[in-house]
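The values are calculated or read from the model by the stated rules, or taken from the named source; none is laboratory data. Just so it is clear, the model here is predicted, and its values are computed rather than measured. Methodologically, a virtual Cβ is constructed for each residue, glycine included, from the backbone with ideal geometry; neighbour enumeration extends over all protein chains shown. All accessible areas refer to the heavy atoms of the entire protein, side chains included, with ligands and DNA or RNA removed. Shrake-Rupley method; radii C 1.70, N 1.55, O 1.52, S 1.80 Å.
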Amino acid sequence: MRLVIALGGNALLRRGQKMTVENQRENIRVAAAGIARLASDHEIILTHGNGPQVGLIALQNATYRAVDGYPLDVLDAESEGMIGYLLETELRNNLPKDRDVATLLTEVEVASDDPAFAHPTKPIGPQYSDDEASALQTRYGWSMVEDGGKKRRVVPSPRPKRILQQRSIVTLSASGTIVIAVGGGGIPVTLDENGKWHGVEAVIDKDRASAILARDVDADGLILLTDVNAVMLNYGTSQQKPVRHAAPGTLNPADFPAGSMGPKIEAANSFAANQKGFAAIGALDDLEKIIRNEAGTLFRCDPDTPPPSP
């Protein structure tokens, strides 16, 4: 099978964890071991989030005042290279010596007039107390939202329209290379009236971008990995309940948080509705169980039919 596996930024750097390279390496080491085992039988294209990581880079960027801070599209590129490097290293440590891995900096087209630019929803960086959030809002003009009982910065997240490096991804993948692409949803770019490309200040949702990628490369499965083990109804309450199977459209993304689970459900609905492949949402640690339909939430036109045998 050709699988697009999307690693959530919060799966690579868990909520509440100190944002160190060592913690990321350890989480990535777990992910890489499972992915390497799957790669012996499947064609793998990896994508990943960058919410915690690009937020950290933005904080570091803001502390040096001698020059103007770099824009978010440049920071997106930095995070894509950083996470790709960490993933490559651990994958190589788990793969046969002749299996290649490549990270491809990926530009993703968005509309310059997307309404998301006026309504930030994508959480990035760490969580803050109310006092910390208020100080950062005053100092930098950042937008903040509630997240897990604390505050977190949010930035615009326009909808992806087209992945510019799609043909390169397909070519590399067909050669047997494990491709790491569309990192952090890709680097957001727009095309102006003169046919020139420009980066924009945003962080694209990697699940939406991954669904477009999975569709356009004719994948058999789209697997969205995060830090929860399934889609949960009534999440965070005493009535919390996991959903194991869902036909496309039976779960409404609007009923879930806009900056996290909502786009995952939207992406899973979109891909599974093509009636060819399956989509799944689950925990990074459960990757191999998800492939066997033993964990996570499976989205399929016939949800009682398991995905193709691994």
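Quick notes on this structure:
- With every protein chain in place and a 1.4 angstrom probe, the accessible-area ranking of E201, E146, largest first, reads E146, E201.
- Charge dipole (debye, nearest 20) of segment 97-198; +1 at Cβ of Lys and Arg, -1 at Cβ of Asp and Glu: 240
- Here segment 54-97 was treated as a single set of alpha-carbon atoms; its pair distances binned every 5 Å from 0 give 5, 21, 21, 16, 13, 9, 7, 5, 2, 0 percent.
- For segment 139-180, the spread of Cα coordinates along the three principal axes comes to 47, 21, 18 Å, biggest extent given first.
- Pairs of lysines in the chain (C-alpha under 17 Å apart; 8 or more residues apart or interchain): 10
- Positive end of the dipole of segment 81-218 (Cβ unit charges, origin at the Cα centre): among A209, A118, N94, the Cα lying farthest that way belongs to N94.
- Whole-percent carbon and sulfur share, accessible surface of segment 127-278, 1.4 Å: 46
- Over the chain, Cα pairs under 8 Å with separation of 6+ residues give a relative contact order of 21 percent.
- Principal semi-axes of the equivalent ellipsoid, √(5λ) from the alpha carbon gyration tensor of segment 133-216, are 31, 18, 10 Å from largest down.
- Separation between Cα centres of segment 40-110 and segment 124-150, rounded to whole Å: 24
- Long-range HN-HN contacts of T106 with modeled amide H, under 5 Å: V182, G183, I187
- Cα pair count fraction exceeding 15 Å, expressed as % - segment 17-97: 62
- Probe 1.4 Å, protein heavy atoms only - accessible area per residue of the chain in square angstrom: 45
- Solvent exposure of T138, expressed as accessible area, is near 120 Å², computed with a probe of 1.4 Å over the protein chains only.
- Prolate/oblate/rounded label for segment 79-180 (Cα gyration tensor, a/c 1.5): oblate
- Among A135, H245, T177 - extreme Cα towards positive end, dipole of the chain, charges at beta-carbon: H245
- The alpha carbon convex hull volume per residue for segment 1-135 rounds to 147 Å³.
- Under the Debye formula (equal points on every Cα, no solvent term), log10 I(q)/I(0) of segment 196-244 at q = 0.15, 0.17, 0.21, 0.25 Å⁻¹: -0.65, -0.76, -0.89, -0.98
- Kirkwood Rh in Å, taken over all unlike Cα pairs in the chain: 19.5
- Alpha-carbon spread of segment 185-294, three principal axes, descending order, Å: 54, 31, 26
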